[in-house]
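The values are calculated or read from the model by the stated rules, or taken from the named source; none is laboratory data. Keep in mind it's a predicted model, so treat the numbers as computed, not measured. Heads up, the Cβs are rebuilt from the backbone with ideal geometry, glycines too, and the neighbour counts pull from every protein chain shown.
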């Protein structure tokens, strides 16, 4: 009994320390900045990610793609911060965009020259997709709508 207690006294603090050391690899640095996220990746942030950690899509038609940087990895996809480049550097224009393995798709609708776009995630039940649309509100990209695409729609267009 004493031996088990000694093992617990030694093992528990080591396990807690190990978890605390790894938590920085899974927690995006605050505030969300382009350079901060890139430095976080270089230090091992988002290890073993299953989804693209970076994505590129020209949302305003200027020939320079906006950059989506992963901030969180979870079972169905990844949360992204969205940045655009301006004369004074990289500017955060959305602090949370949901995405997964499928490419982000530009949509025809635009607002002040910024195009709406769509992302897809598997549903929790795994029997379809969740289509999420984002739109420009004049300063940032915001969630516009979402709908579930059932598996029979996917297999029978």
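For segment 86-100, residues that are outside any strand (DSSP E or B) and under 11 Å from the mean Cα position of the chain (by Cα) total 1.
So, residue 92, is that one touching a helix residue (DSSP H, G or I) at 6+ places or on another chain (Cβ under 6 Å), modelled with pLDDT of 95 or more and under 28 Å from residue 27 (Cβ atoms) or not? The answer is no for residue 92.
Check 83, 104 and return the single one that is over 10 Å from the mean Cα position of the chain (by Cα) and either over 16 Å from residue 132 (Cβ atoms) or at pLDDT below 95 (or both).
Working: 104 fails: either over 16 Å from residue 132 (Cβ atoms) or at pLDDT below 95 (or both).
So the residue among 83, 104 that is over 10 Å from the mean Cα position of the chain (by Cα) and either over 16 Å from residue 132 (Cβ atoms) or at pLDDT below 95 (or both) is 83.
Of all residues in segment 120-129, how many are assigned to a strand (DSSP E or B) and either more than 15 Å from the chain's Cα centre (by Cα) or loosely packed, with under 13 Cβ neighbours inside 10 Å (or both)? Number of matching residues: 2.
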